[in-house]
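Notes to accompany the following structure.
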Amino acid sequence: MADLRAATLTGGNTTLREAAVEEFKKSLRGEVVLPGDPGYNEARTLWNAMIDKRPALIARCAGVSDVIQSVNFARANNLLVAVRGGGHSVPGNSVCDDGIMIDLSRMKSVRVNPAQRTARAEPGVKWGEFDRETQAFGLATTGGTLTDTGLAGLTLGGGIGWLCRKHGLTVDNLLSVDIVTADGQLQTASAEVNPDLFWGVRGGGGNFGIVTSFQYQLHSVGTVLGGMVLHPLDKAKEALKFLHSFAASVPDEVMLGAALLTSPEGQKALAIIACYNGPISAGERVLRPLRQFGPPMADLINPMPYAALQGMLDAAFPPGRRNYFKGNFMNELGSQAVDTLVTRFAAVPSPLSMLALFQLGGAVGRVDPKATAFSHRDAGYHFVVLSLWDNRADDQKNLRWARETWESMRPFFSDGVYVNEMGDAPESDARVREAYGADTYRRLAALKKRYDPTNLFRLNPNIKPAP
């Protein structure tokens, strides 16, 4: 190999000498992949096909030592750093042009302690893999709505999932982390050890270092009552208004979602998705009004294993499609908001795209807003525009529809943004501040100054170090 030209943190370029790269290679138990090497294109490819970036080098870490060596190499050479966990970052923060990509995707250990109802997992694990291990013992924790989502990214941003109204967000079930900070030191953070750092990683994204191990509280979760009811688009307004009323009355065991979508047969429809995590007989009674309203043109709600519910939406979000997501929190689903949703969806340019709502409240709202960096505990719903398409030639019309739809819904938004669904990279400073609120952001910026004063970890919804 020859010397490598690489991007720096300050936007310039540097030269990595061949000898230095060779020494770095030898320091890893994993491997360093360079442009032209076998596996380079596979390693740099993310779930979102819109992302096409070429790092100068990729460190495929096999363990904690490799992460430490990679952080030290990046810092010593002032390199632009991207960190890949599950590779599901829609804006593409997991990869960069000309910098170093620290790839954690091979770090996949999951260790379950069924007696203590805890699990420890490495950052390359995806939620389907995690659920497979925990469900062997009839246990689970809140973990998103797709099995292909990376455990690390979802957790660090908050973690909305089907169990959150009963058991809280993913961050509410996080017991501790091991994290390599920008100085190359491995630290533990929990409620007892480095509690300030533990507060920050629970919602502050990847701003403070690279988490190499997550420990979670687990809960008894077996068969759930779940699935969806479908209504034709001309009945969607009535059904959404019913949903808002119904959602206000359900117990914590229920989480509801809704998606305006196009069926495989080409029919536009509203799907109302339900998960009841509790005794099935009680769930049948609680969900009966939802299943009778309309009535729906299809009722697909049945008892099913929790893992099956987690995979229910997977087929609609395969890797290799072009994606653009953008969301916000909402409290009310009034007539004007419903009318806007249905009108905007009627003009959707791609049959793969959706407009979705996920119910919050319950256990999510009973946590003190100051307890974690995820502070928007009073939100009623998370709303997200999910724009998906296949052809590069259709980029602009699909991006335009998504952004215009989000703008049209802005009058109905409440304060705050879910950091995992912000949409763009890089995000504006104002948008990042909106994700946390003024007080939380100030505390996060002070924490950033302490643990990452040079902003080494900046490819994320970035919190800049306090002055």
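The values are calculated or read from the model by the stated rules, or taken from the named source; none is laboratory data. Here the structure is a predicted model, which is why all the values come from computation and not from measurement. Cβ: placed from backbone, ideal geometry, glycine included. Neighbour counts: every protein chain shown. What goes into the accessible areas is simple: the full protein's heavy atoms, side chains included, and nothing from ligands, DNA or RNA. Shrake-Rupley method; radii C 1.70, N 1.55, O 1.52, S 1.80 Å.
General observations
- Within region 81-95, tally of residues that are touching a helix residue (DSSP H, G or I) at 6+ places or on another chain (Cβ under 7 Å) and free of Cβ contacts under 8 Å to residues at least 60 places away in the same chain: 1
- Scanning region 278-313 for residues that are touching a Gly at 6+ places or on another chain (Cβ under 7 Å) and part of a strand (DSSP E or B), we see that the one that is surrounded by the fewest Cβ atoms within 10 Å (Cβ to Cβ) is ASN302.
- Unmet criterion (only one of (1) at positive phi; (2) open to solvent by 10 Å² or more (accessible area, probe 1.4 Å)) for GLY144: (2)
- Put simply, of TYR441, TYR451 the only residue that is crowded, with 21+ Cβ neighbours inside 10 Å, among the aromatic types (Phe, Trp, Tyr) and within 20 Å of the chain's Cα centre (by Cα) is TYR441.
- The number of residues in region 249-277 being open to solvent by 20 Å² or more (accessible area, probe 1.4 Å) and not acidic (Asp, Glu) comes to 9.
- Of all the numbered requirements in (1) closer than 30 Å to ASP395 by Cβ; (2) touching a strand residue (DSSP E or B) at 6+ places or on another chain (Cβ under 9 Å), ALA315 misses one, and that requirement is (2).
- Filter result for ALA402 (modelled with pLDDT of 95 or more, in a helix (DSSP H, G or I) and either hydrophobic (A, V, I, L, M, F, W, C) or open to solvent by 10 Å² or more (accessible area, probe 1.4 Å) (or both)): yes
- Residue in region 148-164 that is more than 26 Å from PHE457 (Cα to Cα), outside any loop (DSSP other than H, G, I, E, B) and more than 15 Å from the chain's Cα centre (by Cα) present: no
- Pair list, Cβ < 8 Å and 6+ apart or interchain, from region 414-436 residues that are open to solvent by 60 Å² or more (accessible area, probe 1.4 Å) to residues that are at pLDDT 85 or above and of a type in the set (Phe, Trp, Tyr): ASP415/PHE329; ARG433/TYR441
- Number of positions in region 24-47 that are hydroxyl-bearing (Ser, Thr, Tyr), in contact with a helix residue (DSSP H, G or I) (Cβ under 9 Å, 6 or more places away or on another chain) and assigned to a loop (DSSP other than H, G, I, E, B): 0
- Residues of region 268-295 that turn out to be out of contact with any helix residue (DSSP H, G or I) (no Cβ under 8 Å at 6 or more places or on another chain) and closer than 26 Å to LEU388 by Cβ, as a count: 2
- Whichever residue in region 314-339 is part of a strand (DSSP E or B) and touching a Gly at 6+ places or on another chain (Cβ under 9 Å) and, among such residues, is surrounded by the most Cβ atoms within 10 Å (Cβ to Cβ): ASN328
- When the residues of region 26-40 are filtered to those that are open to solvent by less than 60 Å² (accessible area, probe 1.4 Å) and without any contact (Cβ under 8 Å) to a residue 12 or more places away in the chain, the one that is farthest from ARG322 (Cα to Cα) is ASP37.
- Yes/no for ASP172 being within 17 Å of HIS382 (Cβ to Cβ) and outside any loop (DSSP other than H, G, I, E, B): yes
- Considered as a group, the residues in region 96-115 that are of a type in the set (D, E, K, R) and in contact with a helix residue (DSSP H, G or I) (Cβ under 7 Å, 6 or more places away or on another chain) include one that is farthest from LEU46 (Cα to Cα), and that residue is LYS108.
- Residue count, region 238-277 (criterion: on the phi < 0 side of the Ramachandran plot and not in a strand (DSSP E or B)): 21
- Looking at VAL385, VAL367, just one residue is under 26 Å from ALA271 (Cα atoms) and touching a residue at least 40 places away in the same chain (Cβ under 8 Å), and that residue is VAL385.
- For first residues located in region 109-120 and polar (S, T, N, Q), partners that are open to solvent by 40 Å² or more (accessible area, probe 1.4 Å) and in a loop (DSSP other than H, G, I, E, B) and lie 6+ apart or on another chain with Cβ distances below 9 Å form the pairs SER109/GLU122.
- Restricting the first member to region 140-159 and to residues that are within 17 Å of VAL201 (Cβ to Cβ), and the second to residues that are of a type in the set (Ser, Thr, Tyr) and assigned to a loop (DSSP other than H, G, I, E, B), the beta-carbon pairs closer than 6 Å and six or more apart or on different chains are GLY159/THR142.
- Taken together, ALA43, ALA49 contain a single residue that is small (Gly, Ala, Ser) and either surrounded by fewer than 16 Cβ atoms within 10 Å (Cβ to Cβ) or in contact with a Gly (Cβ under 6 Å, 6 or more places away or on another chain) (or both), which is ALA49.
- A single entry from ASP3, ASP103, ASP66 fulfils the requirement of being modelled with pLDDT under 95 and either more than 30 Å from SER387 (Cα to Cα) or open to solvent by less than 30 Å² (accessible area, probe 1.4 Å) (or both): ASP3.
- Residue check, VAL180 in contact with a strand residue (DSSP E or B) (Cβ under 6 Å, 6 or more places away or on another chain), of a type in the set (Val, Ile, Thr) and open to solvent by less than 10 Å² (accessible area, probe 1.4 Å): yes
- Residue within region 187-204 that is open to solvent by less than 30 Å² (accessible area, probe 1.4 Å), in a loop (DSSP other than H, G, I, E, B) and touching a residue at least 12 places away in the same chain (Cβ under 8 Å) present: yes
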